[in-house]
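A.B. asks: Structure in structure tokens, see below.
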Amino acid sequence: MQKLYYPEDKLPLSRLVPMGMQHVVAMFGATVLAPILMGFNPQTAIFFSGIGTLVFIFITRGKVPSYLGSSFAFIGPVLAVTGGAAANIPYALCGIAGAAVLYGLAAAVTMKYGSKWIDRLMPPIVTGAVVALIGLNLSSSAVSNFLNADFRLASSADAIKLLVASVTFIVAASVSIYLRGFIRLLPILTGVVTGYILALLLGIIEPAQLNAIRNAPWVGLPPFITPTFSFNALLVIAPVFVVLVAENKGHIEAISGYMKRDLSPQLGRAYLGDAVASFISAMGGGTPQTTYAENMGVMAITRVFSVYNFIAAACIALLLGLCPKFGAVIQSIPAPVLGGVTIILYGLIAIMGIKIWLDAKVDFCSHKNLIIAGSSIIIATGLGVKGFTLGGVNIAGIAFGTVFAVVMNLALSFGGDEQEDERDPE
């Protein structure tokens, strides 16, 4: 049995740096993609993800291993406010700050009165569904990166991309399963490095990206933007904090299950750390923050839950935010390489949701549970990143599925206990 490292366990520097880098690689694709989709600057988002992670670890007193990155739940609402125009980003930042304040209030209530109210609002059937639908919602992104957006092998270029993605996937999976020693703790990083080298040899990386690496300065501050008050932005974006509440609770439960250590007493502090990190990010032009399931996938594979890993990862992210050249290297990682590792990571996220159900012994003979879990997952997966649009407001699939699961749980909880179906005698 592979050794399990707990949050308080320290690792030697020779192991800490590559393992921190592995967590940076795991979060990087999504943390960069989310700001690109929202029209934010990726370098600023990376910089604040490092600050946010350090803030989170400080507020949780080093007891909750997590990395904070850009939240996908805000993409639809932010675009509804900005309309894709960079000039409107300050208004969106106001909405994000509002969501962070509401999130902080939820944290204060949880810290004062405990997590019982959250447990009633979001029992395991809901949190398990939320975690599972996150992985499933992102699945099309992973598969399209693995091959292409059309899911079609139609040319030699497609075949080369498929080869790179497959090699990346096989290397990452093989390192995790078959190798021993320290290298076994670096499956994602090993897969990405191998895939990147192969992509270089096969000419997948664009010359423009290589030129961007050569021309990028070694040191430079990211561009900062401050919020501008907008009541409309607050109405559209602030309610999304509900998704973060459910998502973070699910992540805490999943990590607890993998570590075999109950982290639920830390839920209020985890909420507060997430909220403060998001507020700080909004003040400087960064994206809203959330605990990252991709990094939970890394922890599940490696069985290393040391918070020192995330301190190292946060420091590396800060360097990325201050080093445009290093950021250019990471941003040049081709889609097939990201596809090769996200197939594993997003799959692990979906399975974590199922594990929450199993650990909580959720009864799937209950029609109520079947409807809550099944309908929310199908709706969120069907909507995908495109989301649901009502008038001028777009709600991403993850956000819509989360709210749907919470509302369905509340609605179906009225009327007393569910009656067992009568079974005909055989």
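Every number in this text was worked out from the coordinates using simple rules, so none of it is lab data. Owing to the predicted nature of the structure, the values given are computational and were not obtained by experimental measurement. Glycine gets a Cβ as well: all are built from the backbone with ideal geometry, and neighbour counts include every protein chain shown.
A.B. asks: What residues qualify as long-range amide H neighbours of Val304, i.e. H under 5 Å apart, gap of 5 or more or another chain, H built at 1.01 Å from N?
C.D. replies: Counting only residues 5 or more places away or on other chains, the set is Tyr5.
A.B. asks: Further, regarding this structure: Hey, what number do you get for the chain at 222 nm if only DSSP H runs of n ≥ 4 count, each worth -39500 (n - 2.57), divided across all residues, to the nearest 500?
C.D. replies: Values: 19 runs with 288 residues, N = 426.
Dividing the helical sum by the residues of the chain leaves -22000 deg cm²/dmol.
A.B. asks: Among 154-165, 206-217, what's the highest-first ranking by average C-beta atoms within 10 angstrom per residue? Numbers along the way, then the final one.
C.D. replies: Values: 154-165: 16.0, 206-217: 12.3.
In decreasing order of mean packing, 154-165, 206-217 become 154-165, 206-217.
A.B. asks: With charges only on Cβ, +1 for K and R and -1 for D and E, what is the dipole size of the range 95-237 about its Cα centre, in debye, rounded to 20?
C.D. replies: 400 debye
A.B. asks: Same structure, new question: Under a plain spin-label model, where a point goes 7 Å from the Cα along Cα-to-Cβ, how far apart in nm are Leu210 and Lys10?
C.D. replies: It is 4.4 nm.
A.B. asks: Once Lys and Arg get +1 and Asp and Glu get -1 on their Cβ, which of Tyr67, Asn145, Asn41 lies farthest toward the positive end of the dipole of the range 13-361?
C.D. replies: Ranked along the dipole, the leading option is Tyr67.
A.B. asks: Given a Förster radius of 30 Å and the C-beta distance between Thr228 and Thr389 as r, what FRET efficiency does 1/(1 + (r/R0)^6) yield to the nearest 0.05? Don't skip to the end; give the middle numbers.
C.D. replies: On the way: r = 25 Å, r/R0 = 0.82.
Computed FRET efficiency for Thr228 and Thr389: 0.75.
A.B. asks: Determine the dipole magnitude for the chain: charges of +1 sit on the beta-carbon of Lys and Arg, -1 on that of Asp and Glu, nothing else is charged, the reference point is the Cα centre, and the result goes in debye to the nearest 20.
C.D. replies: On the way: 24 positive and 20 negative charges, 276 e Å.
That gives a dipole near 1320 debye.
A.B. asks: Distance check, please: which entries in Lys10/Lys361; Lys355/Lys386; Lys10/Lys355; Lys249/Lys368; Lys3/Lys361 exceed 24 angstrom between their Cα atoms? If you can, show how the numbers build up before the last one.
C.D. replies: Values: Lys10/Lys361 34 Å; Lys355/Lys386 27 Å; Lys10/Lys355 27 Å; Lys249/Lys368 21 Å; Lys3/Lys361 27 Å.
Checking Cα-Cα distances, Lys10/Lys361; Lys355/Lys386; Lys10/Lys355; Lys3/Lys361 exceed 24 Å.
A.B. asks: Compute the Cα gyration tensor for the chain, then decide on rounded, prolate or oblate, letting a ≥ b ≥ c be the square roots of its eigenvalues: rounded whenever a/c is under 1.5, prolate when a/b is larger than b/c in the other cases, and oblate in all that remain. Working shown, then result.
C.D. replies: On the way: a/c = 1.41, a/b = 1.24, b/c = 1.13.
Cα axes put the chain in the rounded bin.
A.B. asks: Follow-up. By per-residue mean of other Cβ atoms within 10 Å, what is the highest-first order of 224-235, 357-368?
C.D. replies: Values: 224-235: 15.7, 357-368: 13.8.
Going by the mean number of other Cβ atoms within 10 Å, highest first, we get 224-235, 357-368.
A.B. asks: Hydropathy at least 1.0 by Kyte-Doolittle, axial extent at least 15 angstrom from the Cα trace: which helices of the chain, defined as entire DSSP H runs, fit?
C.D. replies: On the way: long enough: 13-38 (37 Å, 1.37); 42-59 (25 Å, 1.72); 89-113 (36 Å, 1.38); 124-137 (19 Å, 1.87); 156-178 (31 Å, 1.61); 187-202 (22 Å, 2.07); 241-259 (27 Å, 0.69); 267-284 (26 Å, 0.89); 307-322 (23 Å, 2.23); 335-359 (34 Å, 1.70); 367-383 (23 Å, 1.18); 397-411 (20 Å, 1.92).
Taking the DSSP H segments of the chain (at least 15 Å long, mean hydropathy at least 1.0), we get 13-38, 42-59, 89-113, 124-137, 156-178, 187-202, 307-322, 335-359, 367-383, 397-411.
A.B. asks: Let me ask another. Sort the range 4-135 into rounded, prolate or oblate with this rule: let a ≥ b ≥ c be the square roots of the eigenvalues of the Cα gyration tensor; rounded if a/c is under 1.5, and if a/c is not under 1.5, prolate when a/b is larger than b/c, oblate otherwise.
C.D. replies: Working: a/c = 1.80, a/b = 1.14, b/c = 1.58.
Taking the square roots of the gyration eigenvalues as a ≥ b ≥ c, the range 4-135 is oblate.
A.B. asks: Moving on to the next point. Between Ser256, Leu319, Val341, whose Cα lies farthest towards the positive end of the dipole of the chain when Lys and Arg beta carbons carry +1 and Asp and Glu beta carbons carry -1, centred on the Cα centre?
C.D. replies: Selected residue: Leu319.
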